[in-house]
Amino acid sequence: MRELKNHHGFTLIEVVVTIIVSAILAVLLMQVMKGHTYRSYWPLIKMDQDLALRRIMENITADYRSLLISDLHPLVTLQNRINAGGTPPDGYWSGQTYTSSIQIVQNSCLDDIHRDDMSPAGEIRVGNANCKHPDDTLLKVTLAYDGEALTALFSR
């Protein structure tokens, strides 16, 4: 009777086939992962843009709080400062990322009241380009970047 030898290890054919199959799977995996890793940073970019909008609006709000204490016509002063880019020397946009692409969509008073017999209260509010009158009590500011917008209302 012939005794079977106990072989330990793999044959050369088995090793080559395993390497070829592994290489094919690695190439397929790289093709699939390439698209996902390329797009994986977009949520972080969008969040960073949103935070930049919020930081600028917080700077505007902080400036308005100080104007409420020190200025006779805080809405007029705030609107002029926003149009000029902020308080000197830094401005509202100072130290923020994406500042070159952030736009002021709206910076207008909403207190230009006109008589209208059709509305229930008999009057409607129409947006005015500039806060001109000391009686203006509502300023709407909207900032936008890449489809995202942030709006704040400032009142006296």
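Details
- Unique match (being surrounded by 12 or more Cβ atoms within 10 Å (Cβ to Cβ) and touching a residue at least 40 places away in the same chain (Cβ under 8 Å)) among D71, D50: D50
- Just one of the numbered conditions (1) in a helix (DSSP H, G or I); (2) in contact (Cβ under 8 Å) with a residue 40 or more places away in the chain is not true of R65: (2).
Bear in mind that the values in this text are calculations on the coordinates, not laboratory data. Everything quoted here is computed from the prediction, not taken from an experiment. Because the Cβ atoms are built from the backbone with ideal geometry, glycine has one as well, and the counts that use them run over all protein chains shown.
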